Amino acid sequence: MNSAVETLTASTRGAHWFKAVTQGFQVAQGFPASVWVADGKLDQQAVRVIAVVQDSNNPFPRARQGEVGLVEGWSLAKAVDEVIQADANTETKRGILCVVDVPSQAYGRREELLGIHQALAGAVDSYARARLAGHPIVSLLVGKSMSGAFLAHGYQANRMIALKDSGVMVHAMGKESAARVTLRSVDELEQLASSIPPMAYDIESYATLGLLSELLSVENPEQPTNDDLWLVKQVIARAFQAIKAEQSRGLEHRLHGQNRQMSKRVRELLREQWS
C-alpha cells in the first residue's frame, strides 16, 4: 500500500532513547512491536519504562509512524495496569518512566469505527490511577509530543522533563492542521504564536506554562551520547525522589508557570462561586 501516510519520515528518537535508558533491563513480553516495555532500576528506583515507536508492519496503516492508535492505547493501559496490580499490596510503589516521541493519535476511519477514543481514554485512566495509587511517574519528552497521543502517553506524569531542542514540540495539532483550522497560513500562525505562548510549538514557550520540571540541553538529542545519558538519568532519578517526598499525588504544581496567571484566577473565581 503506497498511501501518503506511509511516505512520512518517522522519528527514531524515542526508540534510541528507550534503548539507551533501558540497557541491562528486562524486556516485558506480551506487547505489540509498536509498544516497548522494559523493567529495571534507575539509581535505586525500580521502574517500568514505556515507549511508543514506529512499526512499519502495524496492521493499522494510520499507526505505522509512531502514532498512538487502537492497539497502542490498549497496550499502554495494559503496561501500566500490570504495574498497579503487581504492587497493589506493597508499600513501595514501582516508578513509571514514559519516553515520549509521538507525532499524533492515529487518524483513520477504522480507528473511529473501533473506538480510538476509548483506547486512548483507557491509557489515560491507567496512568492517572497509577499516579493516584502512589506510583511516581516521570515523562521524558525527546521528540514530538502531539495531540491525543501525548494525552494518552506522558501527560499524566507527576513530572515532565524535556530536551531543549527544536525537534521537541508539544501542541494540540501539527502546524499545517492548525493553520487550516484557524484559516491562516503557517507563517501567519507562527507570527501569532510568537506573542501567545500556548499557541507556540517550541519547547521553550511550553516551559513557561509551568508543566515542565526540567528543560535539558544535550549534545545529541537524536541519539544520546554517554554524557547525555548520564545527565538524563541523574535528572530522572532526582525527579523520582522529589515525587516520593511530596504529600500530593495531584498535578496542581503545574499552575505555577509564569503564563498561568489567568488559569489560577479562573479557578479562584470558580471556588468563590461554588463555595
So, of the residues in segment 102-151 that are of a type in the set (Lys, Arg), within 23 Å of Gln54 (Cβ to Cβ) and assigned to a helix (DSSP H, G or I), which turns out to be least open to solvent (accessible area, probe 1.4 Å)?
Arg110
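Which one is nearest to His256 (Cα to Cα), of the residues in segment 195-209 that are polar (S, T, N, Q) and surrounded by 12 or more Cβ atoms within 10 Å (Cβ to Cβ)? Let's see the steps before the verdict.
So in segment 195-209, the residues polar (S, T, N, Q) come out as 195, 205, 208.
If we keep only those that are surrounded by 12 or more Cβ atoms within 10 Å (Cβ to Cβ) too, we end up with 205, 208.
Working: Ser205: 15, Thr208: 9 Å.
Within segment 195-209, the match that is nearest to His256 (Cα to Cα) is Thr208.
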Name the residues in segment 250-272 that are open to solvent by 70 Å² or more (accessible area, probe 1.4 Å) and in a loop (DSSP other than H, G, I, E, B), would you?
Gln258
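Matching residues to (1) over 20 Å from the mean Cα position of the chain (by Cα); (2) without any contact (Cβ under 8 Å) to a residue 24 or more places away in the chain; (3) closer than 22 Å to Gln223 by Cα:
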residue	(1), (2), (3)
Val21	no, no, yes
Val37	no, no, yes
Asn57	yes, no, no
Gly66	no, no, yes
Val83	no, no, no
Thr90	yes, yes, no
Lys93	yes, no, no
Conditions: (1) over 26 Å from Gln105 (Cβ atoms); (2) out of contact with any strand residue (DSSP E or B) (no Cβ under 7 Å at 6 or more places or on another chain). Asp165 meets all but one. Number of the miss?
(1)
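Let's see how each residue does on (1) touching a Lys or Arg at 6+ places or on another chain (Cβ under 7 Å); (2) modelled with pLDDT of 95 or more; (3) among the aliphatic types (A, V, I, L, M); (4) surrounded by 23 or more Cβ atoms within 10 Å (Cβ to Cβ):
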{"site": "Asn2", "(1), (2), (3), (4)": "no, no, no, no"}
{"site": "Val5", "(1), (2), (3), (4)": "yes, no, yes, no"}
{"site": "Ala33", "(1), (2), (3), (4)": "no, yes, yes, no"}
{"site": "Lys41", "(1), (2), (3), (4)": "no, yes, no, no"}
{"site": "Val49", "(1), (2), (3), (4)": "no, yes, yes, yes"}
{"site": "Gly73", "(1), (2), (3), (4)": "no, yes, no, yes"}
{"site": "Gln85", "(1), (2), (3), (4)": "no, yes, no, no"}
{"site": "Thr90", "(1), (2), (3), (4)": "no, no, no, no"}
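Among helices (runs of 4 or more DSSP H) lying entirely in segment 160-224, which contain 3 or more residues that are touching a residue at least 12 places away in the same chain (Cβ under 8 Å)? Outline the logic, then answer.
Values: elements: 175-181, 186-193, 203-207.
Result: 186-193, 203-207.
Within segment 177-199, restricting attention to residues that are in contact with a Leu (Cβ under 9 Å, 6 or more places away or on another chain) and within 23 Å of Tyr107 (Cα to Cα), which residue is modelled with the lowest pLDDT?
Met199
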Return only the number of the condition from (1) in contact with a helix residue (DSSP H, G or I) (Cβ under 6 Å, 6 or more places away or on another chain); (2) surrounded by 15 or more Cβ atoms within 10 Å (Cβ to Cβ) that Glu219 does not satisfy.
(2)
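The values are calculated or read from the model by the stated rules, or taken from the named source; none is laboratory data. Small disclaimer: the values here were computed from a predicted structure and weren't measured. So basically every Cβ, Gly included, is an ideal-geometry build from the backbone, and we count neighbours across all protein chains shown. Surface accessibility is based on the protein's heavy atoms, side chains included, excluding ligands, DNA and RNA. Shrake-Rupley method; radii C 1.70, N 1.55, O 1.52, S 1.80 Å.
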